1. Mind checking which residues of the stretch A:59-118 are of a type in the set (Phe, Trp, Tyr) and either touching a strand residue (DSSP E or B) at 6+ places or on another chain (Cβ under 6 Å) or assigned to a strand (DSSP E or B) (or both)?
2. Can you confirm whether the stretch A:437-452 contains a residue that is surrounded by 16 or more Cβ atoms within 10 Å (Cβ to Cβ) and under 21 Å from the mean Cα position of the chain (by Cα)?
3. Within the stretch A:10-22, work out how many residues are open to solvent by less than 40 Å² (accessible area, probe 1.4 Å) and within 20 Å of A:Ala101 (Cα to Cα).
4. Which pairs do you get when a residue that is modelled with pLDDT of 90 or more, found in the stretch A:106-122, comes within reach of a residue that is outside any helix (DSSP H, G or I), reach meaning Cβ atoms under 7 angstrom, with the pair 6+ apart or on two chains?
5. For the stretch A:152-164, indicate whether the set of residues that are farther than 23 Å from A:Asp351 by Cβ, open to solvent by 10 Å² or more (accessible area, probe 1.4 Å) and touching a strand residue (DSSP E or B) at 6+ places or on another chain (Cβ under 7 Å) is non-empty.
6. Can you pull out the residues in the stretch B:50-59 that are surrounded by 10 or more Cβ atoms within 10 Å (Cβ to Cβ) and of a type in the set (Gly, Ala, Ser)?
7. Can you tell me which residues in the stretch A:275-298 are open to solvent by less than 10 Å² (accessible area, probe 1.4 Å) and either among the basic types (Lys, Arg) or in a helix (DSSP H, G or I) (or both)?
8. Is at least one residue of the stretch B:3-20 open to solvent by 100 Å² or more (accessible area, probe 1.4 Å), farther than 30 Å from A:Leu424 by Cβ and either free of Cβ contacts under 8 Å to residues at least 24 places away in the same chain or under 28 Å from the mean Cα position of the chain (by Cα) (or both)?
Amino acid sequence: MNANFLSLAIWVPILGAIPVLLLGSERRFLVRWLALTVALAGFAVTLPLYIGFDTTQAGMQFVEQIPWVPRFNLQYLLGVDGISMPFVLLNSFITVIVVLAGWKVIEKKQAQYMAAFLIMSGLMNGIFSALDGILFYVFFEASLIPMYLIIGVWGGPKRVYAAIKFFLYTLLGSLLMLVALIWLFLASGGSANILDWHQLPLGMTPQILIFIAFLVSFAVKVPMWPVHTWLPDAHVEAPTGGSVVLAAIALKLGAYGFVRFSLPIAPDASHYLAPLMIALSLTAVIYIGFVALVQTDMKKLVAYSSISHMGFVTLGFFIFSPLGIEGSLVQMISHGFISAAMFLCIGIMYDRMHSRQIADYGGVVNTMPRFAAFFMLFSMANVGLPATSGFVGEFMVILGAVKFNFWVGMAAAVTLVLGAAYTLWMYKRVVFGPITNPHVADLSDIGFREFLILALLAVCVLAMGLYPYPFTEVMHASVDNLLKHVAASKL
Amino acid sequence: MPLYTLLDNKYYFDKFNAVVFAGGARLLGRGLWKGGDQALIDGFMVNGSAHVVGWFAGLVKKLQTGYIYQYAFGMILGVAAFLTYWFNRI
C-alpha cells in the first residue's frame, strides 16, 4: 500500500521526459521507443491504484504526505478517492495512445513533442491526486504550459491565435480560483488541505462568492456556455494528439473541480445556484447541439459535440442525486474514450488528405473499409447508442434528471436526437456516397499501428458499454459520501 | 391522378420533414453559430472587451505627451480644484 503509486504516476512520465528530450529529435527511432516505454511505465504504475483500491471506503486512499513549504503549512499531499482514481488511469492510458498516434505523423521536433505530452500526463495526474489546494493550483497552472506549446508549435495555420486564446481564457479563470484558494487558506486558519476546507463552516455570502470564483475557473475549463468559444479554435489548430488530450483529459479537470471543490466546500451555495447551473448546462446541451449540426469542419463538429456532452456532465452534478453524479462521472470517462477516438479518426483522415472539411470527403468506405467500421462504432458511441459507453452515462443522467424534474430530463434528452443528427449526418457525408474527390480514391486503409490504437479504444468503449459495473463500483462509496456531505448545510 | 401523386410522395411527409425539421434545425444552428458564438460571444464579448481596453489605452496615451509644461499645467489645475473644494467645504 505504501509504495507511493501516486507519486510514481506523477513523476515517472515527467522524469522520463528528460531522457527523451536529451536524445534530441535526430534519433527518431530511439525517441519514439523511449517515449512509448515511459508512457507504458507510467500506465503500469497506475494499475495498482485500481487493483489495490478498497471500494468499500469513501475516504482518500494511497495518501502521501510530506511537508512542502512548512512556513505556510503547505504540504505535498496526495490521495485519491473513487471519484479521482479512474481519471488517473484514464489519463495514463490516453498518454500511451497519444504517443502511438504521434509515431510517424510528427516530423518536426519529435523529441520535444513526446516530452511535452509525457510532462503534461504527469501534471494531469498531479491535478487529479493533489489534496493540498496550492499544490493543486500549481499543477493546474503548470499543465497549461505543455498544452500551450503543443498547440502553438505543432498546430495548424492559426495556431498562435488559438494557443493564446486558450491560455488567456484559462488563466483569467484560474486567477479568480487563486483568490478563492487564498481566502480559504486564511479562513481555515492556515490550512491548505482540501479535506479541511470541506469541513469548514462558511456563511451564505462567502459560500456564494467562493462558488462563483471556482465557477469562473472551472466553467472555462469544462467548457460551459458561454465561455466555450476557445475550445473549437484550440481543437481545430491543435495537432491530433493535442486534441485527444484536450478532449479526453483537460476538459475533465473543470468538471472534476466541481466535485472536489465547489460542491463540498460551498454546499449551500451549490443548492442555491443549482437552477443557474442547470440552465447553463441545458443551454450547452441544446444550443451547442444545433451549432454542431451546421459545422463544415469535422474537428469543429466534434469539438462542439464535446461541449454538448460536457453540458450533460455539469447537469448531472447539479441535480444532486447518486444517479446524476455517478452518471456524470461515467459520462466523463466514456467521453474520454469516445472523443479521443473521434479525434484520432479525424486525424487519420487528415494525415492522408490534409483536409478536415466534410465537403472534401465522401465515399471513404470504398477505399478504407476497416477504418470506416471503427469510425462507425465511435460515431454510434458518440450518439449514445446502447452497448457503447456513451449510452451508460447519458442514460443515468437522463434518468436522474427526469426524477429531479420531468422537463429538465426532457430537455436533456434532446441531445440524443441532436447528437444522432450531427454525428450520423457527418458520418454519412464523409464515409458513404459516391467518390467525388479523386484523392479519396487513392486513400490507403489503416495500417497496423492505427488499427491497434483504434482497437484499444474500441475495446474500452464496448467493455464500458456492456459492463459498466467495474467503473461504477469504485465510485459508489465516494459519491454517496459526497452527496451526504452536500446535503448537510454548513450554515 | 392527383391522389396517385399524393400517395406516391407519401403525403409529402418526407419532404415536410426535410424542409421544416431538418432545414429549420440547420437554420437555427447557423443562426446560433454566426449570431451567438461568432458575433455575440467572440465578436462582442471576447474581442470586444479587448478592443475597449485598446481604445481606452489609446485615449490615455494622448495624455502622456512627455512635455513638462503640460504635466505642470495639469498639477496647477489639480491644485486649483483642490483649493476650490477646500475653501468651499461646509
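The values are calculated or read from the model by the stated rules, or taken from the named source; none is laboratory data. The model shown is predicted, which means the values in this text are computed figures rather than measured ones. Cβ coordinates were reconstructed from backbone atoms using ideal geometry, including for glycine residues, and neighbour counts include every protein chain displayed. Calculation scope for accessible area: heavy atoms of the full protein, side chains included, ligands and nucleic acids excluded. Shrake-Rupley method; radii C 1.70, N 1.55, O 1.52, S 1.80 Å.
1. A:Phe62, A:Trp68, A:Tyr76
2. No - not one qualifying residue is present in the stretch A:437-452.
3. 5
4. Final answer for the pair search is A:Met120/A:Ser143.
5. Checked against the condition, which is being farther than 23 Å from A:Asp351 by Cβ, open to solvent by 10 Å² or more (accessible area, probe 1.4 Å) and touching a strand residue (DSSP E or B) at 6+ places or on another chain (Cβ under 7 Å), the stretch A:152-164 yields no hits at all.
6. Of everything in the stretch B:50-59, those that are surrounded by 10 or more Cβ atoms within 10 Å (Cβ to Cβ) and of a type in the set (Gly, Ala, Ser) turn out to be B:Ala50, B:Gly54.
7. Of everything in the stretch A:275-298, those that are open to solvent by less than 10 Å² (accessible area, probe 1.4 Å) and either among the basic types (Lys, Arg) or in a helix (DSSP H, G or I) (or both) turn out to be A:Met277, A:Ser281, A:Ala284, A:Val285, A:Ile288, A:Gly289, A:Val291, A:Ala292, A:Met298.
8. yes
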